[in-house]
Structure formats: structure tokens, C-alpha cells
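Participant: Before I ask anything, here is the structure I am working with.
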Amino acid sequence: CQPGSWSDSSNLSYQFLDADGDVLGSGQTYTIQASDVGSSILCEVKASNAGGYGFGDSSAVTVADAPMSSHDVTPPAVDSTAPKLRVSTKSCTRTTCTLKVHVTDAAPSSGIARVKAVLNYTRRVKCPKTKGGAATKKRVCTRRLHRTLSASAGSAGTYTIAAKKLSPGTSYTISLVPYDRSGNRPSFSTVTHLRTKARPHKRNPR
């Protein structure tokens with residue numbers, strides 16, 4: 001509320017009134033309330049000095065909309081749930097294994113970001129020499145290896161993973177972890193077991 005122009009005024013006071021003349025508040029500012037919607041409000045200024053006092057009113061203002069309070073604001077939903085993954089189908093040839101998986105994320109969902117797929121397998125390797133340079137007995141040595149695979153996104157949360165250049169008649173596992181756009185992931189990976197088809201046995205000619 002602006003004080004306006006007064007001559008020889010030593011003291012100014014302010015109050016806000018509704019159309020009926022009821023006092024809504026005092027001071028130079030007033031916070032609109034929900035109950036004020038549709039009402040006309042004006043500011044009254046009282047100026048006083050040793051000789052007396054006088055009043056001045058502002059133009060009335062009609063409150064059209066309800067004010068927004070902090071209670072009217074709904075905070076955005078936060079995605080804090082990890083997505084779930086299910087293996088739909090799996091198949092293997094002698095050198096390729098293909099998986100189809102389905103990923104779901106409960107509401108409120110930020111959307112699926114990706115599926116991490118890792119191929120795990122073992123390979124026979126040359127055994128290191130024993131101390132002294134000679135092996136005391138025949139040993140079989142293996143090394144566990146890993147390879148990251150690409151997961152291609154399809155429709156409705158489906159992903160396809162293809163592991164190529166595999167060895168015939170060999171067992172493999174693929175570890176699968178889905179991630180959503182909020183960074184959520186399951187505590188444990190989904191592990192599926194696969195085995196490539198073996199080469200056909202050659203028949204000895206008679």
C-alpha cells in the first residue's frame with residue numbers, strides 16, 4: 001500500500017478493508033487468503049499530526065484467483081524402485097546363443113535406460129610349471145573369462161542379446177542387470193545358463 005501525498009503529516013498508519021468495511025489486516029502489506037477470492041479489497045491510509053487526522057483510500061481491487069500455498073504444490077514422484085528382468089526365450093546353435101528378455105519398472109517409472117549383459121566362460125590354458133621346473137602330476141588348468149555383450153532394445157521393454165563366436169559343445173552363463181534412468185538396479189544379477197550344440201560325430205567309413 002502506497003502512502004500517497006500528505007501535507008504536514010507526522011504519522012501514517014495502514015489497514016486493509018473489504019467491501020463491508022471489515023478490517024482484514026494492518027500494515028503496509030497484506031497477504032491474500034483463500035477466503036478473499038471474489039472480494040473487493042482496498043487500502044486505507046490514516047495520517048495524523050498535532051492538529052488532527054485524515055483518511056485516504058486506494059482504489060478497490062477484486063481478488064480473482066485463490067493464492068497458491070505450499071500445501072497446494074504436489075512434489076514430483078521419485079522413482080526409487082529397481083526394474084525387474086525376466087528371460088523370455090533362449091536358444092543356441094553351435095557358435096551362437098540368443099536371449100530375449102523382458103524388463104518392467106513399477107510406477108512411478110523414470111524409464112528403462114539399458115540392460116548390462118556379461119558372458120562368462122572358462123578356457124583351458126597352459127599350466128604354469130611347478131617349483132623346480134617339472135610337473136609332479138598331470139594337471140588341467142583353466143581361466144575364467146568375461147565378455148560384455150550388446151543388448152538391443154525392442155518394443156514394450158523387450159531386449160535381445162546375442163553371443164557369437166562361441167565354441168561348440170561348451171557351457172556358458174550370461175549375467176543380466178537392468179538399469180532405469182534414475183540409476184536404480186537390482187541388488188543381484190539374473191544369471192541364465194546356456195550350452196552350445198556339439199559338432200556331429202564323424203562316422204568312420206567301412
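The values are calculated or read from the model by the stated rules, or taken from the named source; none is laboratory data. Since this is a predicted model, take the numbers as computed values, not measurements. Heads up, the Cβs are rebuilt from the backbone with ideal geometry, glycines too, and the neighbour counts pull from every protein chain shown. Please note that ligands, DNA and RNA were not included when accessible areas were found on the heavy atoms of the full protein model with its side chains. Shrake-Rupley method; radii C 1.70, N 1.55, O 1.52, S 1.80 Å.
Participant: Any chance you could check the Cα centroid distance between segment 134-187 and segment 4-62 for me, in angstrom?
Facilitator: So the two Cα centres are separated by 76 Å.
Participant: For the pairs Lys116/Lys165; Lys165/Lys197; Lys84/Lys197, note any where the Cα-Cα span goes beyond 21 Å. List each step's numbers first, then the result.
Facilitator: Details: Lys116/Lys165 19 Å; Lys165/Lys197 13 Å; Lys84/Lys197 30 Å.
Pairs exceeding the cut-off: Lys84/Lys197.
Participant: Continuing with the same structure: Would you pull out the residues with amide H under 5 Å of Arg195's amide H, same chain only if 5 or more places away, H placed 1.01 Å from N?
Facilitator: Amide H to amide H, under 5 Å and 5 or more residues apart or across chains, Arg195 pairs with Tyr172.
Participant: Still on this structure: How high is the FRET efficiency from Val78 to Ser26, r the C-beta distance, R0 41 Å, rounded to 0.05? Could you put the intermediate results ahead of the total?
Facilitator: On the way: r = 43 Å, r/R0 = 1.04.
Rounded to the nearest 0.05, the efficiency is 0.45.
Participant: So if we plug the beta-carbon distance of Val118 and Arg199 into 1/(1 + (r/R0)^6) with R0 = 25 Å, what FRET efficiency do we get, rounded to 0.05?
Facilitator: Efficiency computed from Cβ-Cβ geometry: 0.40.
Participant: Report, in debye and to the nearest 20, how large the dipole of the chain comes out about its Cα centre when Lys and Arg carry +1 and Asp and Glu carry -1 on their Cβ. Write down the numbers at each step before the final one.
Facilitator: Working: 29 positive and 12 negative charges, 1347 e Å.
Around 6480 debye, computed over the chain.
Participant: Per-residue accessible area for Ser175 at 1.4 Å probe radius, Å² rounded to 10?
Facilitator: Roll a 1.4 Å probe over it and Ser175 shows about 30 Å².
Participant: In whole Hz, with x marking every Gly and Pro, tabulate ³J(HN,Hα) for segment 75-85 from phi via Karplus 6.51 cos²θ - 1.76 cosθ + 1.60, θ = phi - 60°.
Facilitator: Karplus values, whole Hz, x for Gly and Pro: x, x, 5, 10, 7, 10, 9, 6, x, 10, 10.
Participant: A follow-up question, please. I'd like the accessible area for Arg139, computed on protein heavy atoms only with a 1.4 Å probe and all protein chains in place. Round to 10 Å², please.
Facilitator: Its heavy atoms expose roughly 100 Å² to the probe.
Participant: I've got another one for you. Under the Kirkwood approximation for Rh and a Cα-based Rg, what ratio Rg/Rh is obtained for the chain?
Facilitator: Here Rg/Rh amounts to 1.57.
Participant: Using a 1.4 angstrom probe on the protein heavy atoms only, could you order Lys129, Lys138 from most to least accessible area? List each step's numbers first, then the result.
Facilitator: Numbers: Lys129 170, Lys138 195 Å².
Reading off the accessible areas and sorting them downward yields Lys138, Lys129.
Participant: By accessible area of protein heavy atoms, probe 1.4 Å, what ranking do Leu145, Leu85, Leu176 get, highest first?
Facilitator: Highest to lowest solvent-accessible surface, that is Leu145, Leu85, Leu176.
Participant: If you don't mind, there's one more thing I want to ask. Going through segment 114-204, which chymotrypsin sites (Phe, Trp or Tyr not before Pro) have at most 14 other Cβ atoms within 10 Å and a DSSP loop state?
Facilitator: Phe188
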